[in-house]
Amino acid sequence: MKNFFKLFGLIALIAVIGISITACGDPAGSIVGSWGNTSQQVWTFNSNGTATFVTPGIDVPTTINFTYSIDGNEITTINTANSYSNTYVFSISGNTLTMTQTKPSAGSPQTYTKQQ
């Protein structure tokens with residue numbers, strides 16, 4: 001009977017670990033795609049670690065190219081033209097991406113919706 005309870009406990013522990021890992025998700029994978037806001041600004045994150053940010057201009061939109069890396073809930077972008085970097089805390093809930101700049105200076109949260 002002791003062996004049964006040990007085996008049952010081991011199976012329960014494995015199940016809890018599996019559920020915990022699944023619940024954490026894959027933030028790096030889930031950010032892949034295009035995200036836009038009401039100001040018509042669009043971030044596009046590619047699976048190969050590259051990204052673009054498009055913002056409306058006076059006559060034409062401006063596109064900035066980046067590379068990015070993710071560490072936990074932080075994403076760091078590096079402008080490919082001038083190597084300028086920014087770090088953001090980010091979260092994804094459903095089809096909403098929230099990014100708050102933390103480096104080089106703090107910013108206010110910016111919300112983007114996943115584009116189809």
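The values are calculated or read from the model by the stated rules, or taken from the named source; none is laboratory data. Keep in mind that this is a model prediction, so the values were computed, not measured. Heads up, the Cβs are rebuilt from the backbone with ideal geometry, glycines too, and the neighbour counts pull from every protein chain shown.
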**Prompt:** Within the stretch 86-107, can you find the residues that are modelled with pLDDT of 95 or more and hydroxyl-bearing (Ser, Thr, Tyr)?
**Reply:** 87, 88, 91, 93, 96, 98, 100, 102
**Request:** Scan 92, 64, 58 and give me the residue that is surrounded by fewer than 15 Cβ atoms within 10 Å (Cβ to Cβ), among the hydrophobic types (A, V, I, L, M, F, W, C) and at negative phi.
**Result:** 58
**Complete:** Within the stretch 32-63, the residues that are aliphatic (A, V, I, L, M) and either closer than 19 Å to residue 100 by Cβ or touching a Ser or Thr at 6+ places or on another chain (Cβ under 6 Å) (or both) are 32, 42, 51, 54
**Request:** Look through the stretch 39-55, keep the residues that are more than 13 Å from the chain's Cα centre (by Cα) and not polar (S, T, N, Q), and return whichever of them is surrounded by the most Cβ atoms within 10 Å (Cβ to Cβ).
**Result:** 42
**Request:** Among the strands (runs of 3 or more DSSP E) lying completely within the stretch 61-108, list those that include at least 3 residues that are farther than 12 Å from residue 45 by Cβ and in contact (Cβ under 8 Å) with a residue 12 or more places away in the chain.
**Result:** 74-79, 85-93, 96-103
**Request:** Would you tally the residues in the stretch 34-51 being over 15 Å from residue 79 (Cα atoms) and touching a strand residue (DSSP E or B) at 6+ places or on another chain (Cβ under 6 Å)?
**Result:** 6
